[in-house]
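The values are calculated or read from the model by the stated rules, or taken from the named source; none is laboratory data. Not measured: the values here are computed from a predicted model. Here the Cβ positions follow ideal geometry from the backbone for every residue, glycine too, while neighbour counts run over all protein chains shown. When the accessible area is computed, the model is the full protein with side chains, heavy atoms only, and any ligands, DNA or RNA have been set aside. Shrake-Rupley method; radii C 1.70, N 1.55, O 1.52, S 1.80 Å.
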Amino acid sequence: MFTIYLKEAILHIIDRQTGEPVLSEVSLDLANDYIREYIEKKIQKLSSPQTKAGILAPDSEVAQLLNQYSENFIELSHQLVNKWYRVYQESEEAPSCDIIIVKYEVDTIPYLAFLKINFAEGYTHFVENQAKGIENKLILHRAILANKTQKVDEGVLIQLLNFEFQMIEKKYLFSGEKKSYFSTDFLEQVPAASLEENVRLIKQVASKVGKDFAEADFQVIADVKQAVAQSIEQNGCIEPETIAKEVFKENITAQLAFQEKVAEKGITSPAPLISQVKEISEKKYSKQKLVLSNGIELIIPMDVYRDPSKLEFINQPDGTISVTIKNIEDISAKL
């Protein structure tokens, strides 16, 4: 996990009922441990399999604001929120939220974070002095922020030297149509597909090609997971040619068919990914989950899955498949 050095942060309130942002004119007190920890966790959590990457166009409004107000953080935050809210307010369903804008450094490189955290309902107590005495009430609070361990609902991290960014976004209803507004209308830039989107498309293509060449689907998907993890570990990106060779082994025809269909889906070679992708990949693709037709579910580490001395799939004469788990020293049951 990368180390974050917070420089300045400010919080703005977006109440859809009042119709206008409540813009703070005072920065948050980063001397408070709980404020600093909350912001650091939110920045770290923005890097995920759903995160997309790109570069701001120099003539985009956000890039121009970053240049124009580089020395005035509070005014910059106001301008960015106003720019964002001009689009956001047009949605019929986009909820109230808080916006936290942060200037920080990672390895002396300056960044700016725009973090959107939607409100949630939560219950709390309230103590009130009545004529009869103290009354402890249970009240519903409609502006609770998500826990520090939860990722932001939408946001972007912008590297201020070259305007490279990482972002996550949601679709909201605009004039009756679901739309991802954050990238196209706020950042004015279409980002590269996320790791999750790329892998989903690669799985779909591999499954289709596998069926065309009579490959077992569960085996193809397992091979895809391992190939993606290896490609990222070795190259720092998703390389379709490497994945084709790993999944379809000696079948050159299947490899070429896979690469052709992947290109048709718009996955470039190599597909660009966010900077923390290796850590994310290791966590997400280190295990294989199998759901058997008899209801049994198995979660298997990939190194065990690939070791025939520990796990074996046997094709039976009647067309069924037997799964043999070998060399087990101990079994424990967990509730």
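Restricting to the stretch 143-182, name every residue that is in contact with a strand residue (DSSP E or B) (Cβ under 6 Å, 6 or more places away or on another chain), more than 15 Å from residue 88 (Cα to Cα), open to solvent by 60 Å² or more (accessible area, probe 1.4 Å) and not hydrophobic (A, V, I, L, M, F, W, C).
164
Tell me yes or no: at least one residue of the stretch 157-164 is free of Cβ contacts under 8 Å to residues at least 60 places away in the same chain, aromatic (Phe, Trp, Tyr) and part of a loop (DSSP other than H, G, I, E, B).
no
Which condition breaks for residue 65 when tested against (1) closer than 23 Å to residue 151 by Cβ; (2) in contact with a helix residue (DSSP H, G or I) (Cβ under 9 Å, 6 or more places away or on another chain); (3) open to solvent by less than 50 Å² (accessible area, probe 1.4 Å); (4) not acidic (Asp, Glu)?
Going through (1) closer than 23 Å to residue 151 by Cβ; (2) in contact with a helix residue (DSSP H, G or I) (Cβ under 9 Å, 6 or more places away or on another chain); (3) open to solvent by less than 50 Å² (accessible area, probe 1.4 Å); (4) not acidic (Asp, Glu) one by one, residue 65 breaks only (1).
When you look at residue 60, is it under 30 Å from residue 196 (Cβ atoms), of a type outside the set (A, V, I, L, M) and surrounded by 13 or more Cβ atoms within 10 Å (Cβ to Cβ), yes or no?
yes
Just one of the numbered conditions (1) over 30 Å from residue 177 (Cα atoms); (2) surrounded by fewer than 18 Cβ atoms within 10 Å (Cβ to Cβ) is not true of residue 103; which one?
(2)
Within the stretch 199-219, how many residues are modelled with pLDDT under 85 and not aromatic (Phe, Trp, Tyr)?
5
Output the number of the condition that residue 319 fails; it satisfies all remaining conditions of (1) at pLDDT below 85; (2) more than 16 Å from residue 218 (Cα to Cα).
The number of the failed condition is (2).
Condition first: at pLDDT 80 or above, out of contact with any Ser or Thr (no Cβ under 6 Å at 6 or more places or on another chain) and open to solvent by less than 40 Å² (accessible area, probe 1.4 Å). Can you find one or more residues in the stretch 232-239 that meet it?
No, the conditions are met nowhere in the stretch 232-239.
Could you please let me know if residue 266 is modelled with pLDDT of 75 or more and within 26 Å of the chain's Cα centre (by Cα)?
Yes; evaluated as a whole, the condition is true for this residue.
Which residues, counting only those in the stretch 1-21, are closer than 20 Å to residue 76 by Cβ and open to solvent by 80 Å² or more (accessible area, probe 1.4 Å)?
Correct list: 5, 7, 20.
Residues that are acidic (Asp, Glu), at least 2 per element: which strands (runs of 3 or more DSSP E) completely within the stretch 1-108 meet that?
Those strands (runs of 3 or more DSSP E) span 97-106.
Which one of 260, 250 is more than 24 Å from the chain's Cα centre (by Cα) and either buried (at least 20 other Cβ atoms within 10 Å of the Cβ) or closer than 20 Å to residue 313 by Cβ (or both)?
Testing whether each residue is more than 24 Å from the chain's Cα centre (by Cα) and either buried (at least 20 other Cβ atoms within 10 Å of the Cβ) or closer than 20 Å to residue 313 by Cβ (or both) leaves just 250.
Being open to solvent by 30 Å² or more (accessible area, probe 1.4 Å) and among the basic types (Lys, Arg) is the filter; apply it to the stretch 116-142 and report the residue that is modelled with the highest pLDDT.
Filtering the stretch 116-142 for residues that are open to solvent by 30 Å² or more (accessible area, probe 1.4 Å) and among the basic types (Lys, Arg), the one modelled with the highest pLDDT comes out as 137.
Within the stretch 124-154, can you find the residues that are polar (S, T, N, Q) and part of a strand (DSSP E or B)?
Scanning the stretch 124-154 gives 124, 129, 130, 136.
Table: residues versus (1) over 19 Å from the mean Cα position of the chain (by Cα); (2) of a type outside the set (A, V, I, L, M, F, W, C); (3) closer than 20 Å to residue 15 by Cβ.
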site	(1), (2), (3)
92	yes, yes, yes
106	yes, no, no
113	no, no, no
118	no, yes, yes
123	yes, yes, no
132	yes, yes, no
139	yes, no, yes
